[in-house]
């Protein structure tokens, strides 16, 4: 599995707003359900390719997007490991 | 002929119903915020777009958020009961609908005190000079109707906003009668919240409404329950709009409302306001000097498409019934859920006959109505 990045948000509303803006920035992101391992919530997170991470981080700062936490994810199959950035 | 648009607009743009049908029949719109597959995201994305559409419609910047609920009544209950506590004082007005008055009467039983601004008995104009007399150290909120649903007169918010800023009051405005037919501009950030309904002059369906409010407004939610996230928390997630949106949102309603607002944006609120003024001014010009008619309201002041009158001392319901039974003209008689306004106008016994218009009403219809009224 190709490692990827995962952005967590304080609310689904923040996640939806961030998705909208990141898509307008033409990033290759996707909304996924937040893994229960990371948060006892049923909210959304944004999955992104690590190759785009520097420009996504710049974009987040530039647009003042509200972010909770960011993780790098690796592993195989369903055995994923999460590393907070 | 349908002339009860202040109750609900009967005629809507075709796109409103089509969007609602699409919401149900396309099998594309799931429960927003519950899962991350395309069906739920389709709904969530549409809702996000519609929040922005509404914020833009009211010229509100990003310090505001749009919360969806079922009606302006729901919004007013949410804000009044979520902001006011025992010991607080609130100022309201004699223009207000029972959607404001009854929550306040409930709050009085919980230790909130109230004061009301009176209206001029001749014109119904709000006596804003009374504001300074009503202020108390405990005053926290000023709540008002942007327009009277009886006379159609629109309140000049400039003075109200200055008063609230001077005394650091929260300002809540009920725009159920104005949104869509009178420009509402939140760009100066001096209104804390407006409560709107979708089914009147926003041309959406019934069962959808909302609040456009400052995100930081410390509202204790009226409803609590599922929000699709934070399932183990005992309290509602404390951030707008989630804080005030417990339970599943009305997706067909929101989709219909969005089309109603698209329609308004295409027509232009200023054009609609002018159309309403043409209809009401025609009625006023033909009836105000006729001694058989009593007209209510100040037609030298800004006005929405609402016109109240009485014929001699005849019970208003008899006139409405006559118009329906003999001419199939739908009007509204009685008190319009605005008891204080009728007390002020001296119509607490007779009520008034209310005519209220939409973009679908025409000058020709008003001319036809005038022929009937002047032949009574």
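The values are calculated or read from the model by the stated rules, or taken from the named source; none is laboratory data. It should be emphasised that the depicted structure is a prediction, and the values quoted were computed from it without experimental measurement. FYI the Cβ positions are ideal-geometry reconstructions off the backbone, even for glycines, and counts take in every protein chain you see.
Would you mind finding the one in B:270, B:277 that is surrounded by 14 or more Cβ atoms within 10 Å (Cβ to Cβ) and in contact (Cβ under 8 Å) with a residue 12 or more places away in the chain? Please lay out each step first, then the result.
Values: B:270 fails: surrounded by 14 or more Cβ atoms within 10 Å (Cβ to Cβ).
Step by step, each of B:270, B:277 is checked, and only B:277 is surrounded by 14 or more Cβ atoms within 10 Å (Cβ to Cβ) and in contact (Cβ under 8 Å) with a residue 12 or more places away in the chain.
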- Note on residue B:60: of the conditions (1) part of a loop (DSSP other than H, G, I, E, B); (2) more than 14 Å from chain A (Cβ to nearest Cβ); (3) out of contact with any helix residue (DSSP H, G or I) (no Cβ under 7 Å at 6 or more places or on another chain); (4) surrounded by fewer than 17 Cβ atoms within 10 Å (Cβ to Cβ), unmet is (4)
- Message: Exactly one of these conditions fails for residue B:54: (1) out of contact with any helix residue (DSSP H, G or I) (no Cβ under 6 Å at 6 or more places or on another chain); (2) over 30 Å from residue B:171 (Cβ atoms); (3) surrounded by 15 or more Cβ atoms within 10 Å (Cβ to Cβ). Give me its number.
- Response: (2)
- Query: If you scan the stretch A:7-21, which residues turn out to be touching a residue at least 40 places away in the same chain (Cβ under 8 Å) and within 16 Å of residue A:48 (Cβ to Cβ)?
  - Reply: A:7, A:8, A:9, A:14, A:17, A:18, A:21
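In the set B:271, B:331, B:359, which member is within 30 Å of residue B:50 (Cα to Cα) and touching a helix residue (DSSP H, G or I) at 6+ places or on another chain (Cβ under 8 Å)? Walk me through how you get there before you give the answer.
Details: B:271 fails: touching a helix residue (DSSP H, G or I) at 6+ places or on another chain (Cβ under 8 Å); B:331 fails: within 30 Å of residue B:50 (Cα to Cα).
Residue meeting the stated conditions: B:359.
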- Of all residues in the stretch B:9-51, which are at pLDDT 95 or above, surrounded by fewer than 17 Cβ atoms within 10 Å (Cβ to Cβ) and in a loop (DSSP other than H, G, I, E, B)? B:10, B:11, B:26, B:27, B:28
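With B:222, B:202, B:244, B:249 as the choices, which residue is more than 14 Å from chain A (Cβ to nearest Cβ) and either under 20 Å from residue B:29 (Cβ atoms) or buried (at least 23 other Cβ atoms within 10 Å of the Cβ) (or both)?
Being more than 14 Å from chain A (Cβ to nearest Cβ) and either under 20 Å from residue B:29 (Cβ atoms) or buried (at least 23 other Cβ atoms within 10 Å of the Cβ) (or both) holds for just one of B:222, B:202, B:244, B:249, which is B:202.
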- Query: If residue B:214 satisfies every condition in (1) within 14 Å of chain A (Cβ to nearest Cβ); (2) closer than 22 Å to residue B:88 by Cβ; (3) buried (at least 16 other Cβ atoms within 10 Å of the Cβ) but one, which is the exception?
  - Reply: (1)
- Note on the structure: All-but-one check, residue B:308 against (1) closer than 26 Å to residue B:100 by Cβ; (2) surrounded by fewer than 22 Cβ atoms within 10 Å (Cβ to Cβ); (3) at pLDDT 95 or above, failing number (2)
- Message: Could you check the stretch B:175-195 and list, in sequence order, the residues that are in contact with a helix residue (DSSP H, G or I) (Cβ under 6 Å, 6 or more places away or on another chain) and crowded, with 24+ Cβ neighbours inside 10 Å?
- Response: B:176, B:180, B:181, B:193, B:195
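Residues B:142, B:104, B:171: which one is closer than 19 Å to residue B:75 by Cβ, assigned to a strand (DSSP E or B) and without any contact (Cβ under 8 Å) to a residue 40 or more places away in the chain?
Working: B:142 fails: without any contact (Cβ under 8 Å) to a residue 40 or more places away in the chain; B:104 fails: assigned to a strand (DSSP E or B).
B:171 is the lone residue from the list that is closer than 19 Å to residue B:75 by Cβ, assigned to a strand (DSSP E or B) and without any contact (Cβ under 8 Å) to a residue 40 or more places away in the chain.
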- Item | Residues within the stretch A:22-40 that are at pLDDT below 95 and touching a helix residue (DSSP H, G or I) at 6+ places or on another chain (Cβ under 9 Å), tallied | 3
- Enumeration of residues in the stretch B:107-121 that are in a loop (DSSP other than H, G, I, E, B) and more than 17 Å from residue B:338 (Cβ to Cβ): B:109, B:110, B:111, B:112
